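First the structure, in the form of structure tokens, and then the observations on it.
Each reported figure results from applying straightforward, stated rules to the coordinates on display, with no laboratory input. Remember, predicted model here, so these are calculated numbers, not experimental data. Because the Cβ atoms are built from the backbone with ideal geometry, glycine has one as well, and the counts that use them run over all protein chains shown.
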């Protein structure tokens with residue numbers, strides 16, 4: 001029913017943009033998963049981030065609109081000031097409810113929602129940041145059979161976020177940037 | 001690892017059926033992911049030992065139901081939220097409405113009323129409030145009760161004042177409220193022209209004709225069919241050349257009423273009804 005079989009969700013906060021700028025150009029046009037990126041940033045409604053990232057990849061990349069359908073090889077950016085949820089049919093819902101971990105979009109919210117729909121067909125990666133957002137979500141992804149990884153805190157611009165996740169939940173992989181790129185490239 | 005129990009999709013469906021059959025609240029056309037998340041939150045926070053007990057409480061305790069209704073629907077709002085939107089109202093919509101002898105505005109899904117009071121302030125500043133009525137509706141009686149009081153936390157006023165100024169407000173924002181301990185009570189001069197009433201967009205019909213309908217960040221929680229139904233309700237409730245304003249991520253594009261409207265301020269999601 002869902003038009004894509006597997007999903008990758010990447011969550012990041014302070015210091016994450018740079019990694020995405022390195023990762024995205026490496027993905028080839030036939031990359032088969034759908035990808036959602038949830039990035040903390042100053043609340044404003046312009047689409048600067050999506051435009052910036054779209055210039056770094058040959059894959060179709062857009063700021064998520066409500067009811068967008070997850071498609072293979074497509075990348076969706078959670079818009080600022082909305083949480084991003086996934087419906088059972090693989091379509092997206094935007095949600096303007098309370099901030100979670102002082103954040104909207106919140107990484108936890110999307111991780112959890114993705115886990116409910118994709119279960120063991122879900123990959124989540126948590127990047128650099130100074131926030132605890134993402135940890136609870138990873139916990140739930142793991143419980144529901146998904147694969148969880150964090151950026152190597154040694155390499156992260158702000159180590160707190162991936163480090164915090166590692167102390168709370170046993171992650172499947174700790175990825176340096178080179179490893180992360182090959183890991184994501186090889187997902188199929 | 002102590003893991004909190006998750007509500008199953010089937011349990012959500014059972015609960016939604018209860019709400020519909022017993023109380024007439026129809027959430028079955030709401031975004032499933034959103035409703036599920038809200039219900040899960042209540043279930044976890046209130047530490048129900050089992051789904052059966054949760055269900056029993058909802059079915060047997062009307063006070064709890066009121067609370068649950070407020071929890072399922074999203075009631076996050078602020079005054080002059082998205083200042084650029086209010087600036088657009090000031091510049092492009094209200095000057096047109098000013099030419100009418102009498103102005104009727106419907107604010108649908110108004111929650112605790114912050115945006116409604118913001119609208120009243122705009123009307124007041126353009127000297128239009130005396131000939132305006134704002135119908136502010138929401139599905140929840142409990143949030144309307146808060147809205148009627150016009151009392152908001154004083155701690156928010158700094159942010160609201162900033163929003164107000166960014167929207168083009170020229171006055172001292174504090175002139176509109178009286179501060180009392182932790183609360184700011186907004187002037188009755190503003191609420192005099194607001195009628196707060198319960199209205200359910202899912203089941204209730206149109207109740208008047210308006211020149212402006214504002215409904216922001218409500219449609220995002222509805223599925224496509226319900227969005228379409230509600231947009232028709234709005235369209236039917238608008239006068240010819242009336243305005244419709246939606247939330248930042250909501251659109252008329254690709255809907256069945258799109259051809260009846262033309263965008264006025266595209267970025268701020270304001271349309272005008274150009275045919276019937």
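Here are the numbers for the structure shown:
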quantity	calculated
Taking the convex hull of Cα positions in chain B, its mean projected area over all directions (nm²)	16.2
Mean residue ellipticity (222 nm) of the protein assembly as shown, computed from DSSP H runs ≥ 4 via -39,500 (n - 2.57), nearest 500	-10000 deg cm²/dmol
Segment B:86-226 shape via C-alpha gyration tensor axes, a/c threshold 1.5	oblate
Gaussian network model of chain B, Cα within-10 Å springs - most flexible of B:116, B:218, B:76	B:76
A:85, A:33 arranged by Cβ crowding within 10 Å, fewest neighbours leading	A:33, A:85
Angle in degrees between helix B:114-125 and the longest Cα principal axis of chain B, rounded to the nearest 10	10
Alpha-carbon Debye profile of the protein assembly as shown, log10 I(q)/I(0) at 0.06, 0.07, 0.11, 0.13 Å⁻¹	-0.28, -0.39, -0.94, -1.25
Tilt relative to chain B, helix B:224-236 - C-alpha long axis, 0 to 90 degrees, to 10	30
Peptide A:50-57, shielding by other chains (average Cβ, 10 Å cutoff)	0
Ranking of B:193, B:224, B:36 by count of other Cβ atoms within 10 Å, fewest first	B:224, B:193, B:36
Helix B:51-60 axis, angle to chain B major axis (alpha carbon atoms, nearest 10°)	60
The protein assembly as shown: antiparallel DSSP beta bridges as a percent of all, rounded to 5	35
Cα Rg, Dmax, chain A, angstrom units	14.5, 41
Kirkwood Rh in Å, taken over segment B:9-72 so that all alpha-carbon pairs contribute	11.7
Peptide ranges A:133-146, B:175-188 listed from the most packed, as the mean C-beta count within 10 angstrom indicates	A:133-146, B:175-188
Highest average packing first - A:69-76, A:24-31, Cβ atoms within 10 Å	A:69-76, A:24-31
Gap separating the Cα centres of segment B:121-167 and segment B:244-276, nearest whole Å	24
Shielding of B:25-37 by partner chains, average beta-carbon count, 10 Å	4
Residue B:276-residue B:57 FRET efficiency (beta carbon distance; Förster radius 56 Å; 0.05 resolution)	0.75
